[in-house]
1. Can you report the number of residues in the range 129-147 which are under 23 Å from ALA258 (Cα atoms) and in a helix (DSSP H, G or I)?
2. Confirm whether PHE72 is at pLDDT 95 or above, not in a strand (DSSP E or B) and not assigned by TED's automatic domain parsing to the domain that holds ALA383.
3. Among the residues of the range 279-302, write down those that are among the polar types (S, T, N, Q) and more than 16 Å from the chain's Cα centre (by Cα).
4. Of the residues in the range 132-157, how many are without any contact (Cβ under 8 Å) to a residue 40 or more places away in the chain and farther than 26 Å from VAL385 by Cα?
5. Quick check on this structure: which one of ASN362, ASN322 is of a type outside the set (Asp, Glu), in the same structural domain as PHE269 (by TED's automatic domain parsing) and surrounded by fewer than 23 Cβ atoms within 10 Å (Cβ to Cβ)?
6. Among residues belonging to the range 101-116 that are under 24 Å from ASN317 (Cα atoms) and in contact with a Ser or Thr (Cβ under 8 Å, 6 or more places away or on another chain), point out the one that is surrounded by the fewest Cβ atoms within 10 Å (Cβ to Cβ).
7. Tell me, please, whether a residue that is of a type in the set (Asp, Glu) and within 22 Å of ASP92 (Cα to Cα) can be found in the range 167-180.
8. Which of the residues that make up the range 168-186 are surrounded by 15 or more Cβ atoms within 10 Å (Cβ to Cβ) and not in a strand (DSSP E or B)?
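The values are calculated or read from the model by the stated rules, or taken from the named source; none is laboratory data. Nothing here was measured: the structure is a model prediction, and the numbers come from that model. Cβ: placed from backbone, ideal geometry, glycine included. Neighbour counts: every protein chain shown.
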Amino acid sequence: MKLITTLLAACAALAASSVAAQTPATGPLSPVGGTTFVHAGRLLADPATGVVQRDKTLVIEGNRVVDVRDGFVGEGRIVDLRGSFVLPGLIDSHVHLTGEQNPNGRLEAVTQSNAEQAMVGARYARRTLMAGFTTVADLGATNESIFALRDAVRRGDVPGPRIIASGESVSVHGGHGDINGYREDIMHMFTGESICSGVEDCMRAVRLQVRSGADIIKITATGGVLSNTAAGLGQQFSDDELASIVGAAHRMGRQVTAHAHGADGINSFLRAGGDSIEHGTWLDDESIRLMRREGVYLVPTLLAGDFVARIASGPDNFFTPNQTAKALEAGPKMLDMARRAHQGGVRIAFGTDSGVSAHGDNAQEFALLVRAGMTPLETIQAATVNAAAHLRISQDAGRIVTGMPADLIAVSGDPLADVTELERVRFVMRGGVVYRAD
């Protein structure tokens, strides 16, 4: 696959040398502006339909698709993907860009500045984009680091996917999302304003997150695997606290998604009117009934479950004893959870919890979803049209149609036959700019 730039005969050599001189590490491979013609040999423009079209030309002006034409047409800037399978840029509904699990992770949490975390996030944002993910939801990072990164990507200062950011999770004192396992004075220093107890205090925490710039409110309805505490994986907020959080967020125009493992926390959050569930490890028949009734999306994060189980049971385990026990308890159950949810008709949106696993490996989630009983097409729908609907950005992501941003990727093979093709993305365009062309 190669990018062919033919702008005008008089400057063809100059344009070609300009493209060749750059690499994905240094920035875009094509300039912003003008008209670009993308020749697509196979095109899955709208994954909701499952229809693969052949021999199409995408006409892109600036950052948007303005036409889709039959055959290979156009003069000027041509992107040759005639031998490729083209589909919309992928969406990961659950990442943590400003860090990555490693043996020094607990030390980094109390030594890295917010500015350092933003710089780390810039590296991982670029890696995520190069893997074919043109939109992500970042669900849990310091406000200063992730909002700065989100805005820098939006301005074009650094390469990365479109970022929808929650900032700091709204969490209960002493629970998952609060700081745990350090000296008492250290924990007091690092407990943020989003940590709350009681109905009024939890409404305060939500409102402060909105004021700080949160696009979405993320809460920790239950305990979590990687918090260094033996507080379990069940419900941690009270029913009244959950209702106050959801009500406060909705009144300020924000949807609420919940980190939730135990069925008690899942169901209480759903009864409170919550919008989506992250993980869902112990969801039960009541969970499935409530999710179907309300059209709530599940983000299974199977890659995170697979990763923590492998680390916790391996020879190089760097988790604490508290983390290890919960990883071995929860990780192996997540595949069956996703299978039951899918069979039960729950809407599924793609999300990995990357930052637990390595950034750039996001597409490994597809094969796990297939193992859980989804077809390759269903997994692609989860990472495009479903994720866009879940994040309420269907007018900006998830499809390649006239009027929408030109976010698209390409692979050599057919991901509908072998979904692992999506682990080998060869071409990435976001907002009409080519960032990768192998």
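1. 5
2. In short, yes.
3. Hits for the range 279-302 are THR281, SER287.
4. The total comes to 3.
5. ASN322
6. The qualifying residue surrounded by the fewest Cβ atoms within 10 Å (Cβ to Cβ) is ARG106.
7. Checked the range 167-180: at least one residue is of a type in the set (Asp, Glu) and within 22 Å of ASP92 (Cα to Cα).
8. Passing the criteria: GLU168, SER169, GLY174, GLY175, GLY177, ILE179, ASN180, TYR182.
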